[in-house]
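Notes to accompany the following structure.
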Amino acid sequence: MVNQKVRAMNISVFALLSGAGILLAQIAWNRQLLLITGGSTDATAVVLSAFMLGLGFGGRYFGRKAEQSANPVSVLRFAAAGAALCSFIPLVIAPLVTALYPALYSSGLQLPARFVIALLMIFPATFFAGGIVPAMARLVEGQNGAAKVSRLYGLNSLGSALGGFLAGFILLETIGITMTLVAGASLTMISLMWMKTSHTQVKNSEESQSGVKPGMFFLAMYFASGMLALAWEMVWSRQLTFVLGNSTYAFATMGMMVLLGIGIGSIAGRRIASSSRNPLVFFGVVQVLLGVASVIPLTALGSFISLSDKLSFSGGWAGSISGDILTAMIYMLPSTILMGITFPLMVKAAAREQKLGEDVGILSMANCLGAAVGPVLAAQILFRFIGVTPAVLFLSSLNALIGFFAFWRSRKLVFSLLAPAGAVVSVLLILSAQPPGSKTPRGMTLVYFKEGRTATVTVLGRDWDNHRSLRINGVEEVPVDQASLEAFYLLGHLPWGYNPQAKTAMAVALGGGITSGALLAHPIDTLVCAEICPEVVFAAVHFQEQNNRPDLDPRFELIGDDGRNFLLGANRKFDLIVCDATHPGSSESWLLYTEEYYSLVLSRLEPGGVAAQWVPLHKLPVEEFTRIIATWSRVFPNVAVHSAGGRHAILIGSAQPLHLDIGAMFRDSIAAEQLIATGFREEETLFLQPILSGDEVVSIAESEIASNTDDLAPCQFLLRKCQGDPQQTIGENMSLLLWLDTDGEASPVFTGQIVYWNTMLPQAAELFRSETNSTAMGERWLSVALSTGAELLYNEGRYQDALELVDMAWEADPGWQRNIDLVIEINRAQSLIQEEI
């Protein structure tokens, strides 16, 4: 009895530790693949599919192998050791695959090429990893074997959840991808210490021959269950970005909740399965409940958005993370626990207790093959043709259908009424739900909304001044305020000013199309734009006042792909490359701020070519802003740093010495019109010349701060370092640039912008007024400060005070249309109130 308890404890420890180790390694594999196959939805789907295929085939092979072996513990040890050792294959062969990738990419078969690469890199490790649960099942087969293996499967999943937490919140940030992989492989090897040969069990031949293998019905049910589980995960990864954001922490939280729920569900569900005479009925009930439970959060998404702050334990990073984790628990755990319960129910219903290893392997293969189909079903079919919210209804209906077939097979026709009832409830819930991203803030209208295959794209508008805001998965990416327009236009016009002989250009990201439109304002021959979210092309139409519709220009070529992946695979060179990625703190953009990426960009420049990189100053700690400049400066021999609106920086880099031809920037009429409308003047060179260049940048490059690298990129882990008002870091970063500028005293416009972004409007206005020699840009920013104050007063209903301020703003910059629009809007609001009186 004591030996049995010791063996049970040892195998439990092994299940927990090996789950954590494999998950740590898996996260490292995914990161390595992300750098090669890209971060597009298609790439993510094929990587997931390849991962699940490896698990499925490994489960089938090792389940049968363990069943046939007189020493099954050696099979288990071999599977775990193989998974640990093969974990290093992605790291070892990555350079070779990277070298071969351009040939595969240029074949035009990018999706199959990515799938083949994923198989080459991760199939061996996942094949071995897939054998762990079936081999453990072989060790506990016999009486109550189904309950025992369900407990082990649950512990393995809980270990994986722990691994996900360690990787996403600690290890990737502190030790990087390679050492996280080493930690995972080491933990898996350490887990073998708990598996001794004394675990060996030998069944007599008479017992082992009893019963039949799981039939096609059960395999089909479990295949469909796995397919829907991964499809639901794809849905949640889209929906929860509206709640948790798109940081690395957010996606680590989502993955952790999936594994945590499956672990809890499997452990809890084993008691239901053990006490049930007809587990297939309960399997059907669980499927119906899963469909409904997965729909309910969508109807309350608005409540979840505000829930995180309410659930935070305290202020600071830990408090914010605790709120996000608890919110994700409430959102996801009901569904993922139900997913976990399906394992013990299916094992009890279909597997032979005397051949548990082989049968669990067969069931695992069916489930994993379905799971391999799930991401493709979601990304390539449902999201593409019907959108995310209708996909929720479709998946919920499929869960109800699986439940119906389970009831039908078990001949419990009374229960079959639950299936249509669940479907009806799901329909009613969906009809009462507002699709994520379609809700408009006060004072804004919904101009465009599309739940596309790769993202949910929204354009919000304000009628009185024609303001537009492009949002992707709920995150604002393209506003058209003064500072943002300065950045978008300079990002297109500055590279041309540094290389006015350019003929070919590439833009990484389209966004609102404003930068692409600025590039096309010059006489280049070709502009290739790589956009990971092609749906924004339709949204960019609503920014035609600012972008001049680049999509209609015959010189414009749109590539629906991750920009880094295109540069790696296409092997084309350009005179200008403009990097307009999203914030470095987002989970999909950090790899566009690393030393390896910048080296790739440099290698794709023609002789004399120029590259430009947009860097946001908001929600970016000074240390990380400095790190980005240092990383850029260590790759490009010649560097310049520009400011735009006091809220953005633009880095310029080239292998050749830099010279800015400001006249060339204004030479073409459309370009001149865009620059002048934004407050720039050809003769006012101060606002177009770089703030930092030459030795000023060299000092940053030679500093001790580490670069962002593919292996360790601190720029993506910003939440812990940047709490409170996201605008606070703007002034800090702009102050750093002015402090490093050794050429002379800073313009009052620059210092005024720092004060403005600290929301000290009266003081900012005084600084803008103090300019010794009045400039168009100074007048514009004085007008910006005054009109911002007027708009705040207007929102408070203080219309007369607002009119006085906006009149002052108009006097400061009579040519700015926004002041006129604001006067008209205030007068309209006043008239409405008078009519009501």
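A few remarks follow.
- Three-way shape call for segment 714-834 based on the alpha-carbon gyration tensor, with the a/c threshold at 1.5: oblate
- Packing, taken as the mean count of other beta carbons within 10 Å per residue, orders the peptides 8-14, 187-193, 724-730 from highest to lowest as 187-193, 8-14, 724-730.
- With protein chains left intact and a 1.4 Å probe, residues in segment 344-390 average 26 Å² of accessible area per residue.
- For the chain, the longest principal axis of the Cα atoms and the long axis of helix 799-812 meet at an angle of about 60 degrees.
- Lysines with Cα under 30 Å of K573, excluding same-chain neighbours fewer than 8 positions away: K503
- For the chain, the longest site-free run once GluC sites (Glu not before Pro) in DSSP loop states with at most 14 other Cβ atoms within 10 Å are removed: 1-681
- Surrounding net charge for P690, when Lys and Arg each add one and Asp and Glu each subtract one, Cβ distance under 11 Å: -3
- Beta bridges by DSSP in the chain, antiparallel share as percent, to the nearest 5: 65
- Per residue, segment 690-836 exposes 49 Å² of solvent-accessible protein surface, assessed with a 1.4 angstrom probe and all protein chains in place.
- Accessible surface of the chain [probe 1.4 Å, protein heavy atoms]: carbon and sulfur percent: 60
- Evaluated on segment 396-547, the Kirkwood hydrodynamic radius is 18.7 Å, with distances taken between all distinct Cα atoms.
- For the residue pairs K65/K148; K65/K412; K5/K348, the alpha carbons lie more than 29 Å apart in K65/K412.
- Full-extension gain in nm, R769 to S699, via 0.36 nm per residue minus C-alpha separation: 21.8 nm
- Bridgeable lysines around K619 (alpha carbons under 30 Å apart, same-chain partners fewer than 8 residues away excluded): K310, K439, K450, K721.
- Under Karplus coefficients 6.51, -1.76 and 1.60, residue-wise ³J(HN,Hα) of segment 60-72 in Hz, glycine/proline x: 5, 5, 6, x, 5, 4, 5, 5, 7, 7, 6, 10, x
- Against the chain, whose longest principal axis is taken from its Cα atoms, helix 145-166 shows a tilt of about 20°.
- Kirkwood hydrodynamic radius of segment 489-580, from inverse mean 1/r over distinct Cα pairs, in Å: 12.8
- Correct choice for Cα extents along the principal axes in Å that was computed from the model, options [x] 84, 78, 63; [y] 113, 65, 46; [z] 99, 68, 50: [z]
- Helix 110-130 axis versus longest C-alpha principal axis of the chain: approximately 40°, rounded to the nearest ten.
- A simple charge model with +1 on the Cβ of Lys and Arg, -1 on the Cβ of Asp and Glu and nothing else charged puts the dipole of the chain at about 6020 debye relative to its Cα centre.
- Each helix, a run of at least 4 DSSP H residues, gives -39500 (n - 2.57); summed and divided by the residues of the chain, these come to -20500 deg cm²/dmol at 222 nm.
- For segment 1-132: accessible area per residue (Å², 1.4 Å): 38
The values are calculated or read from the model by the stated rules, or taken from the named source; none is laboratory data. Keep in mind it's a predicted model, so treat the numbers as computed, not measured. Ideal geometry is used to build each Cβ from the backbone, glycine not excepted, and the neighbour counts take in all protein chains shown. For accessibility, only protein heavy atoms count, side chains too; no ligands or nucleic acids. Shrake-Rupley method; radii C 1.70, N 1.55, O 1.52, S 1.80 Å.
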